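The structure appears below as C-alpha cells.
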Amino acid sequence: MSILVTGGAGYIGSHLCAELLEAGYDVVVADNFVNGNAESLRRVEEIAHRSLSVYRCDLLDSAGLRGIFENHRIEAVIHLAGLKAVGESVEEPLSYYRNNVAGTLSLLETMRRFEVRKLVFSSSATVYGSTASPPISEGFSLGVTNPYGRTKLVVEEILGDLHASDPRWSIALLRYFNPIGAHSSGRIGEDPCGVPSNLMPYITQVAIGQREELRIFGNDYPTLDGTGVRDYIHVVDLATGHLQALRKIVASRGIDAYNLGTGYGVSVLQLVKAFEKASGRQIPFRFVERRPGDVAASYADPSKAARELEWRATRGIDAMCLDAWRWQLGNPMGYAEMREGGQIIHENRIRHSVLAVSGVGEGSL
Ligand code: UFG
C-alpha cells in the first residue's frame with residue numbers, strides 16, 4: 001500500500017516525503033513541477049536512503065491520474081498540490097480556481113473511481129479571514145479576503161459536502177500557520193520563484209547578500225513592537241503533523257479540521273533578531289507602509305491537534321532560523337544550480353533527464 005502525495009516536490013511536500021519514507025511508508029509523488037523541483041526529490045531519497053515513485057502529472061490530467069492509481073495500490077492521498085501566492089491570486093483568479101479547485105475535483109473523482117476515500121488536505125489559516133482574534137481555534141467563523149484563500153475555503157466546503165454524501169470518506173483538513181525552516185541536513189528547503197513574498201526566504205536572501213534590505217510592512221500595528229505577529233512553525237513539525245493526521249484518517253472515518261501551529265506569536269522584529277543571532281549576520285531593514293490584506297496578529301490554538309492527533313510542534317524559533325540559514329548558506333541559488341562531478345548542471349536539464357515527460361511518466365531519480 002502506498003501514500004500518494006500531490007505536490008510532493010514542493011517546499012512542504014519534499015519535507016513530508018522525507019518523513020513518510022523514514023516512517024516506512026511507500027510514497028508516490030504526483031507533481032506538475034511548475035513550482036516543485038525534481039532535484040528536491042532526489043535529495044529526499046538521499047536523506048531517507050529509500051526511493052520514491054515520481055510522476056510528472058497535473059491534477060487536471062485525469063487520464064494521467066488514473067494511470068497512477070492503476071500502477072499503485074494507493075491507500076490514502078495527501079493533497080498539497082496547488083498555487084499559493086496571495087498577490088498572484090488577485091491578478092490571476094481563474095488560474096487559481098482552475099488549479100486549486102478544478103484540480104482537486106479531478107483528484108477526488110479519480111479517488112472515488114478507485115475507491116480510495118482517505119484524504120489529508122493542505123488548507124491554510126487564511127480561511128479564518130482578517131477578523132479572527134488570536135489564539136484562533138478551529139470553531140472560529142471562516143471568511144476569506146483573496147482568491148487564494150477562497151480556493152482553500154471552497155475545497156474545505158466541497159470536502160464537507162462529499163463526506164455528507166458518503167460517510168465512508170475519511171478526511172483531515174490541515175490549516176497551516178506560517179511554515180519556515182528547513183530539513184536539518186541542509187539538503188532540502190524553501191526555494192521560492194523570483195522575489196520571495198514571504199518573510200523568512202526574504203530574510204535569508206538579505207543575509208546572503210542577494211537582496212539589499214528587508215522592508216518591514218508596518219510598524220504601527222497594535223502588537224508588542226508594532227510589527228505583524230505570526231505563528232511560525234518548523235516545516236518538519238508541519239510534516240509530522242501530516243503523518244499524525246494520516247494515522248487518524250486510516251484508523252477512523254469522519255471529517256475534521258486541525259490547526260497546525262505552535263500556539264506562539266512572533267513579531268517580524270523578533271524573527272529578525274532571532275535570525276541575526278542564529279546566523280551571526282546583520283539584517284538591514286526599513287519600515288514601509290502596511291501590506292494590504294495583512295492582519296496585525298495571527299496565531300493558533302493548537303490544542304485540538306494535540307488532543308486528537310497526539311501532535312505538537314517541538315522546534316522553537318531558534319531552530320527554525322538555524323535550519324533556514326543552513327539551507328540558504330549551502331544552497332545560495334536554491335535548487336537552480338548544483339554541482340555534479342565539478343560541473344554546474346542547470347535545473348531544466350535535470351527535470352527533463354530524470355522524468356519521463358509524456359503521458360504518465362514514472363521517473364527514477
Ligand atoms: N513581512 C514583511 N516583509 C516582507 C514579507 C513579510 O514585513 O518582505 C511581514 C508581513 O507583513 C507579516 C509577516 O511578515 O506581518 C509574515 O508575512 P508572510 O508573507 O511570510 O506570511 P503571511 O502571514 O502574510 O502569509 C502566510 C502564507 C499565506 C497564507 C497566510 C495566512 O504565506 O499563504 O499566511 O495564513 F494565506
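Rule-based calculations on the coordinates, nothing more; no lab input. Bear in mind that the values here come from a model prediction, so they are computed numbers and not experimental data. Don't worry about glycine lacking a Cβ; one is built from the backbone with ideal geometry, like all the others, and counts go over all protein chains shown.
Data table
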{"read-out": "Flagged links, alpha-carbon separation over 22 Å, of Lys152/Lys304; Lys84/Lys277; Lys118/Lys304", "value": "Lys84/Lys277"}
{"read-out": "Computed label-point distance, nm, for sites Glu157 and Glu91 using a 7 Å Cα→Cβ extension", "value": "2.7"}
{"read-out": "Sequence ranges 48-57, 66-75, 159-168, ranked by mean other-Cβ count within 10 angstrom, highest first", "value": "48-57, 66-75, 159-168"}
{"read-out": "Bins of 5 Å from zero: percent of alpha-carbon pairs in the stretch 166-206", "value": "5, 16, 20, 18, 13, 8, 7, 8, 4, 1, 0"}
{"read-out": "Rh (Kirkwood; distinct C-alpha pairs) - the stretch 287-327, Å", "value": "13.5"}
{"read-out": "The stretch 97-178 - Rg over Rh from alpha carbon coordinates, Kirkwood radius", "value": "0.99"}
{"read-out": "Two-site label geometry, Ala63 and Ser130: point separation in nm, points 7 Å out along Cα→Cβ", "value": "4.5"}
{"read-out": "Taking only Cα atoms of the stretch 17-89, radius of gyration then Dmax in Å", "value": "13.2, 38"}
{"read-out": "Cα-based Rg and Dmax for the chain, where Dmax is the largest Cα-Cα distance (Å)", "value": "19.7, 57"}
{"read-out": "Computed lengthening from Leu329 to Ser141, 0.36 nm per intervening residue step minus Cα-Cα distance", "value": "63.6 nm"}
{"read-out": "Extension gain, Arg247 back to Ser303 (0.36 nm per residue minus Cα-Cα distance, nm)", "value": "18.4 nm"}
{"read-out": "Cys193/Asp225 FRET efficiency (R0 25 Å; Cβ-Cβ; nearest 0.05)", "value": "0.20"}
{"read-out": "R0 of 45 Å, Cβ-Cβ distance Glu22-Arg286: FRET efficiency to nearest 0.05", "value": "0.60"}
{"read-out": "Separation in nanometres of the label points that stand 7 Å from Cα toward Cβ, at Arg168 and Arg112", "value": "1.2"}
{"read-out": "Computed lengthening from Glu310 to Asp294, 0.36 nm per intervening residue step minus Cα-Cα distance", "value": "2.6 nm"}
{"read-out": "Sequence ranges 85-95, 292-302, ranked by mean other-Cβ count within 10 angstrom, highest first", "value": "292-302, 85-95"}
